[in-house]
Amino acid sequence: MVASARSVLRQTETGTPGNGTATPGVGPEELAEFAPTLVRWAWFLLGATVVLLVGLLVVEPLISRAVRRRNRGNPTVQDAIARYVRVLVVAVAVVVGAGMAGLANVLTSSALVVAAATLAVGVAAQTVVGSLVSGLVLVFDPEFSVGDYIEWEGGEGTVEAITLRVTRVENPDGALVTVPNTVLTSGAITRPFGRGRYRVVERVGVDYADDPERATEILESVARGLDGVAERPEPVAFVDELADGVVQLRAHFWLEDPRQQEVFEARSAFTRRVRRRFDEADITISPASEHELRGRIAVDDDR
């Protein structure tokens, strides 16, 4: 009976006679073969987890907060930036995890394929990619934000929205203009308002017979009486040019941090008050040009 048990145990270890195969066992040697793979996966998970935690809990909230502060009325950009940051964090986590797991050779061997694919995609969509990059530049530009009034070659208006591909601007006529971001980043952009003081320049022509000193005093007085005009530097008016038939006067005054509408209102109020004060002082504004004509008039009287 003992011999029979030993025979069965021997068959179990060596395999069943006649089939030519051995039944593998699970023992310390077999587990040792899987140990390097398990360690490699553990390092991969550790590296990827650390990058994901830092990226999603620290980096992404910081970037989203900065974008939200710069684009308060533009949730489109806020969501898009947050989405791209998450995708980038996941990609970095995979790369870092693979590097810690010793799989850098796999990444290196596939670098040529990745580079070729990237080149093909870049050539096919270079306009879109350029707009996306330009959008990121505009989003993080502290001097460019929603609500700013801007001027660029080809138009002007108030920025309504900044997306990753285009910027939407409302022009002075109320029309919504969609401008590719590459147009704005490749040219000069002027931001006349929203940077503190704004200088208003007004020109007025008076008759040569009028007193220019009195006229400039009126211009300065009217400018000082407008709402929102800065005390320093003080409004100033002077004779700018002795033109044909008129004396050109120019007045300068500064407004404290105005918006576009406030500048229009200040100019309109200045013009109305100057007209009224000049009428009271009997000063002629922009008189018609007078020309001396010389010659002879011939009358043909054949009747």
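Residues in region 152-189 that are part of a loop (DSSP other than H, G, I, E, B) and at negative phi: Glu153, Thr163, Leu164, Arg165, Asn171, Pro172, Asp173, Ala175, Gly187, Ala188.
Condition check ((1) crowded, with 17+ Cβ neighbours inside 10 Å; (2) in the same structural domain as Thr158 (by TED's automatic domain parsing); (3) of a type in the set (S, T, N, Q); (4) at pLDDT below 75) across all residues:
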residue	(1), (2), (3), (4)
Leu62	no, no, no, no
Asn71	yes, no, yes, yes
Arg86	no, no, no, no
Ala101	yes, no, no, no
Ala104	no, no, no, yes
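Can you confirm whether Pro172 is over 30 Å from Thr284 (Cα atoms) and over 17 Å from the mean Cα position of the chain (by Cα)? Spelling it out, Pro172 is indeed over 30 Å from Thr284 (Cα atoms) and over 17 Å from the mean Cα position of the chain (by Cα). Note on region 138-169: among residues that are under 9 Å from the mean Cα position of the chain (by Cα) and acidic (Asp, Glu), the one that is surrounded by the fewest Cβ atoms within 10 Å (Cβ to Cβ) is Glu143.
Across region 239-255, the number of residues qualifying as over 37 Å from the mean Cα position of the chain (by Cα) and among the hydrophobic types (A, V, I, L, M, F, W, C) comes to 6. Does Thr118 satisfy the condition of being closer than 28 Å to Thr185 by Cβ, in contact with a helix residue (DSSP H, G or I) (Cβ under 8 Å, 6 or more places away or on another chain), β-branched (Val, Ile, Thr) and at pLDDT below 75? For Thr118, the condition - closer than 28 Å to Thr185 by Cβ, in contact with a helix residue (DSSP H, G or I) (Cβ under 8 Å, 6 or more places away or on another chain), β-branched (Val, Ile, Thr) and at pLDDT below 75 - is not met. Within the option set Val236, Val200, Val263, being over 33 Å from the mean Cα position of the chain (by Cα) and of a type in the set (Val, Ile, Thr) holds for one residue only, Val236.
The values are calculated or read from the model by the stated rules, or taken from the named source; none is laboratory data. As the structure is a computational prediction, the values presented were derived from the model and not from experiment. Heads up, the Cβs are rebuilt from the backbone with ideal geometry, glycines too, and the neighbour counts pull from every protein chain shown.
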